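Please treat every number below as a calculation from the coordinates, not as lab data. Remember, predicted model here, so these are calculated numbers, not experimental data. We place every Cβ from the backbone using ideal geometry, glycine too, and count neighbours over all the protein chains shown.
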Amino acid sequence: MTDRRPALKRILVVEDEALVALYTQELLEDAGHTVVGLAATGESALALAARERIDLALLDIRLPGGMDGVEVGAALRARHGIPVIFVSGTLDCETLERVSAVEPLACLQKPVRPGELLAAIGRAQS
Amino acid sequence: MSAETPVRHLQAVAEFGQYALWETDLDALLHEACSQVAKGLGVPYAKVLEYRPGGDDFLIRAGVGWGPGVVGSVRAPADRGHPPGLAMQTRQPVVTEDITADPRFTLTALFREYGVVALANVPIIVEAGVFGVLEVVTPRRQAFTQPEISFMQGFANLIAAVVHRKGVERSLQAALQEREILLRELQHRVKNNLYVVSSLLGLQANRIDDDGARQALMEVQGRVHAIGLAHSILQASQDISRLDLGAYLGDLCRTLIAAAPFPVTLDLDLQPAQVSLQVGVPLGLIVNEIVSNSLQHAFGPGGGPEGGPESGPESGPESGMVSLSVRRAGDRIELMIADNGRGMDAAAVAARRGSLGRKLIAALAVQIQGTLTRPAVERGVCYHLSFPVPHD
């Protein structure tokens, strides 16, 4: 039988709702991944990415501060080559176009079920 | 002027009043006013000058008789040295038989170009001030009579009423847009808060050792998720008060299947059906219960469509499948939710009789005035729910 378990990742979670971020962290860690950090703003996400090795970023799109999640995702990809998964509410066409331009591994609609998130990370690796 | 003229003028004002009731394009209305006034007074030129506070001048907003490049482009001074300015500042009609000999006024380039001699101006007074001036001019001497000025003022007053109505419409439109933005923001907050609640339930469940208690919390988390998804779909709706049932239930099933620990095929047949949140959320909770149940019991190890003793469903024609259809049938909406799993024997039905999920399904079906049945199927479980199209 082949091992279907996904390779473990070092993941950055960018989410401004603290409890949602905390729960996401526990889900990922229970699945064996390492959560490199929780960032509530785009600026702190980029600061973390500059000093940590990150395999994957989970990004909320609506963020406080000067950058939204799409801009953060684009910067993470361009500066560090980090693949991203967006976790967001329903998007308007303009945001959807910007999201597509970042070429995310997946775009999940909030609210995300725990299994759905882990399955998306698993699919992204295969 | 003949004795019949005032009657003809009154008729023209009345007809224009009727026209002003339904014309929504202000420029078209102003043009019509100019045309009627010029015709009624037998002059070749008429125009509406709109006052622009920013530039402290007038813009020729509409007119008849003028050559290209005048209407919408040429401006006029708003000071007392020019008839429109004097009419606006005194809020009174201004008439001159011969402007070239009238010491009160300076001739503008436009008037020189058109050889203007006589003119009459009436102010268009609105609640907030003066919108502008209605003016007629002619290249010959003409003494405008009081009835003729009253005729012009009648048009100016009707224009003022329409300008006022337009302003009210703009304010209402702005208020509506603001309300829409606030509602969408509220939707976003509700959705986020439900996601926070869902996360809290997950965090708490992670700290419970007892499998049954943990499972119960996870089930509640799933229900909260179903409600949150309805708000998420609603946020993207064109109409903030209604969501597309097919899109919602389809997404709900997709998230349930995606979270399943084994592959299950989803067969969707969704016709468009718009419902309010009051109907959408109970339906989402019903579908959440039925599909979660299928994923939990119909396909688990030892089950599967063909009941293999060790394995869950595999891909291929015999793989696990969940079907959902949403169809409009006259004034009712019909939902069919089915799986091709191991089905429920009498013992399983009896065991689940007291379960919360079952109670929820029954109560929510009643809430939406639905009729829930379980048609006999060759394999698996099938639920049929029919409910009236809500007219709220």
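A few remarks follow.
- Cα centroid of the range B:214-238 to Cα centroid of the range B:69-115, whole Å: 68
- Shape of the protein assembly as shown from the C-alpha gyration tensor: prolate (a/c of 1.5 or more and a/b above b/c, with a ≥ b ≥ c the square roots of its eigenvalues).
- In chain A, the DSSP-assigned H stretches of four residues or longer account for a calculated mean residue ellipticity at 222 nm of -14000 deg cm²/dmol, using -39500 (n - 2.57) per stretch and the full residue count as denominator.
- Label point distance in nm, A:ALA47-B:GLU15, each placed 7 Å from Cα along Cα→Cβ: 7.5
- Gyration tensor (alpha-carbon) shape descriptor, the range B:186-260, a/c threshold 1.5: oblate
- Helical contribution to [θ] at 222 nm, DSSP H n ≥ 4, -39,500 (n - 2.57), averaged over chain B, rounded to 500: -16000 deg cm²/dmol
- Other residues lying with their Cβ under 14 Å from the Cβ of B:GLU15 contribute a combined charge of 0, Lys and Arg counting +1, Asp and Glu -1.
- With contacts taken as Cα pairs under 8 Å and at least 6 residues apart, chain B reaches a relative contact order of 9 percent.
- Look at the stretch B:258-268: the mean tally of other chain Cβ atoms within 10 Å of its residues' Cβ atoms is 2.
- Taking each residue as 0.36 nm, the span from B:ASP102 to B:GLU378 lengthens on full extension beyond its C-alpha to C-alpha distance by 89.3 nm.
- Whichever lysines have a C-alpha closer than 24 Å to that of B:LYS39, once near sequence neighbours (fewer than 8 apart) are set aside: B:LYS47
- Placing unit charges on the Cβ atoms of the charged side chains and taking the dipole of the protein assembly as shown about its Cα centre, the candidate lying farthest along the positive direction among A:VAL99, B:LEU245, B:PHE16 is B:PHE16.
- The angle between the Cα long axis of helix B:211-235 and the longest principal axis of the Cα atoms of chain B comes to about 20 degrees, rounded to the nearest 10.
- Residue-averaged beta-carbon neighbours from other chains (10 angstrom radius) around B:197-203: 6
- Given their separation in residues at 0.36 nm each and the Cα-Cα distance between them, B:ASP267 and B:GLU23 gain 82.7 nm when the chain is fully extended.
- Long-range amide H partners of B:VAL126 with built H, under 5 Å: B:PHE131
- Loop-resident trypsin sites (Lys or Arg not before Pro) (DSSP state other than H, G, I, E or B) in the range A:18-89 with no more than 10 further Cβ atoms inside 10 Å of their Cβ: A:ARG53.
- Counting only lysines at least 8 places from A:LYS110 when in the same chain, those with an alpha carbon closer than 16 Å to its own are B:LYS191.
- Exposed trypsin sites (Lys or Arg not before Pro) absent - longest run of chain B, DSSP non-H/G/I/E/B, at most 16 other C-beta within 10 Å: B:208-352
- As a length-normalised measure over Cα pairs under 8 Å and 6 or more apart, the relative contact order of the range A:10-123 settles at 23 percent.
- For the range B:247-254, putting each phi into the Karplus relation 6.51 cos²θ - 1.76 cosθ + 1.60 with θ = phi - 60° gives couplings of 4, 5, 5, x, 4, 4, 5, 4 Hz, in residue order, rounded to whole numbers and with x for Gly and Pro.
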